1. Does segment B:192-208 hold any residues that are closer than 22 Å to A:S129 by Cβ and facing another protein chain (nearest Cβ under 7 Å), and which are they?
2. Here are some conditions: (1) at the interface with chain A (Cβ under 9 Å from one of its Cβ atoms); (2) closer than 22 Å to A:G207 by Cα. B:L153 meets all but one. Which one does it not meet?
3. Can B:V112 be described as farther than 30 Å from B:A42 by Cα and either within 16 Å of DNA strand D (Cβ to nearest atom) or at pLDDT below 95 (or both)?
4. Quickly run through segment A:2-30 and pick out the residues that are surrounded by fewer than 21 Cβ atoms within 10 Å (Cβ to Cβ), at pLDDT 95 or above and among the small types (G, A, S).
5. I need the full set of residues from segment B:147-204 which are of a type in the set (S, T, Y), in contact (Cβ under 8 Å) with a residue 12 or more places away in the chain and touching a Phe, Trp or Tyr at 6+ places or on another chain (Cβ under 7 Å), in order please.
6. Out of curiosity, is A:R148 more than 23 Å from A:A184 (Cα to Cα), away from DNA strand D (no atom under 16 Å from the Cβ) and surrounded by 14 or more Cβ atoms within 10 Å (Cβ to Cβ)?
7. Taking the conditions exactly as written (surrounded by fewer than 22 Cβ atoms within 10 Å (Cβ to Cβ) and either closer than 16 Å to A:I100 by Cα or more than 7 Å from chain B (Cβ to nearest Cβ) (or both)), does A:S164 satisfy them or not?
8. Considering only segment A:46-66, state which residues are more than 10 Å from DNA strand D (Cβ to nearest atom) and farther than 14 Å from A:M22 by Cα.
Number of protein chains: 2
Amino acid sequence: MSKTQTPQTNSAADATRMALVMAALQLFGRQGFDGTSTREIAAQANANIGSIAYHFGGKEGLRLAAADYIVETIRTIVAQAFGGAAQIQRVTSEQAEAQIDATVERMVGFMVARPEAGEIVQFVLRELSTPTDALDRIYTGVFEPVHRRLCQLWAAATGEEAESEKTRISVFMMIGQVVYFRIARAAVMRRMDWADIGPAEAAKVIGVAKENVAAIIAARKAGKK
Amino acid sequence: MSKTQTPQTNSAADATRMALVMAALQLFGRQGFDGTSTREIAAQANANIGSIAYHFGGKEGLRLAAADYIVETIRTIVAQAFGGAAQIQRVTSEQAEAQIDATVERMVGFMVARPEAGEIVQFVLRELSTPTDALDRIYTGVFEPVHRRLCQLWAAATGEEAESEKTRISVFMMIGQVVYFRIARAAVMRRMDWADIGPAEAAKVIGVAKENVAAIIAARKAGKK
DNA sequence: GTCTATAAACAGATAGAC
DNA sequence: GTCTATCTGTTTATAGAC
């Protein structure tokens with residue numbers, strides 16, 4: 001680690017930087033980029049308005065820094081989820097399905113358990129609806145590698161081709177059925193009569209999701225014969 | 001039809017109202033509520049800034065009017081989709097599954113074919129992420145009735161209870177796996193190498209979605225025995 | 001009903017003291 | 001590096017002419 005990145009060097013300046021990034025992530029996620037003023041961010045970070053321009057060049061720079069933070073955070077989680085295994089490894093269909101199940105569980109778990117998850121998901125959702133350079137970093141750093149990895153697992157589980165159109169679509173659907181519970185949170189809670197989507201509710205979601213995945217994989221395997 | 005609602009009475013004033021609502025829907029959807037100025041809306045509607053305050057009381061009133069327009073639009077589509085049938089009717093498991101398939105097809109088709117669909121979905125997504133009074137109208141007018149209707153069909157197809165927790169979750173997942181393609185549009189297009197999500201791409205999505213639904217329903221029916 | 005002019009508040013960026 | 005004061009532009013809302 002040379003001077004290109006300085007993770008913990010200057011505690012004073014870096015503390016300010018970090019506080020600003022965290023505040024920005026939270027507020028951008030909650031109120032949107034346009035709905036958040038730099039004054040608001042500075043206030044929440046216990047910094048002053050000028051520090052944003054100093055550290056990040058401006059409001060736009062803060063958005064990119066928030067995106068980088070998200071990539072870093074998810075990467076850490078994903079790395080331990082996949083056990084730091086290399087891209088390809090020989091697994092049986094059952095092992096692959098178990099790993100997919102574990103991933104589904106982890107995805108729901110992350111969205112529920114992690115305190116920052118709400119803001120991160122909202123931030124990404126907003127970027128998806130109006131892509132900026134920040135989405136580019138998140139796509140390249142998170143979306144692409146995770147989706148690709150799941151496609152490999154899916155292929156191992158079903159016997160289909162990993163990079164085929166059908167597999168890629170299937171994996172998107174598997175992700176979609178789960179993250180929808182966070183996206184449409186407000187509607188889900190109301191229709192389900194849930195006061196919150198906490199661990200108890202997450203467990204129910206995971207249960208149904210696993211059942212669905214198992215049914216789909218079984219059908220695909222049967223179709224392959 | 002009494003004077004409570006005046007759909008086509010005053011062509012001059014109503015044309016302005018309608019133009020403002022359409023412009024607001026489009027711009028709120030694309031750029032968000034905070035990201036859109038009333039000047040921008042007025043300009044696109046070929047009206048002047050003052051007319052917003054006059055007709056809707058202010059920017060917030062326009063948001064509610066846009067929500068009402070969405071409810072009206074979707075209601076029309078849904079009505080013809082379900083054939084104006086009453087709440088409950090005796091259908092076989094196969095008929096129910098066929099109706100679910102048709103609904104999935106219609107949902108994807110709507111999101112792709114309708115020119116306003118993009119803005120409507122985006123508008124609703126933004127409301128979901130930061131609920132206001134507008135979401136309340138959309139939930140009550142669209143979300144709730146449609147989800148409830150699908151639950152009935154799901155119950156008829158699988159033999160499960162219509163208002164059980166599992167059924168409600170399953171229906172949300174069915175919706176989620178499909179609408180995710182619109183929500184994560186930017187990421188999907190990039191990963192799928194699609195220049196657009198048009199009719200051709202929609203057909204592929206529909207194909208996989210139907211397969212998934214069929215597999216899940218079959219597994220549920222088998223589990224019931 | 002429509003449109004213009006203006007008010008009052010607030011935005012992001014910056015220059016300069018410390 | 002931090003913080004304050006200020007500049008410039010833009011926001012919504014409104015009052016009043018037509």
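1. Correct list: B:M192, B:V205.
2. Failing condition for B:L153: (1).
3. no
4. Within segment A:2-30, A:A19 is the sole residue that qualifies.
5. Correct list: B:T167, B:S170.
6. Yes, satisfied.
7. Taking the combined requirement at face value, the residue satisfies it.
8. A:G57, A:G58, A:E60
The values are calculated or read from the model by the stated rules, or taken from the named source; none is laboratory data. These figures come from a predicted structure and were not determined experimentally. Note that each Cβ is placed from the backbone with ideal geometry, even for glycine, and that neighbours are counted across all protein chains shown.
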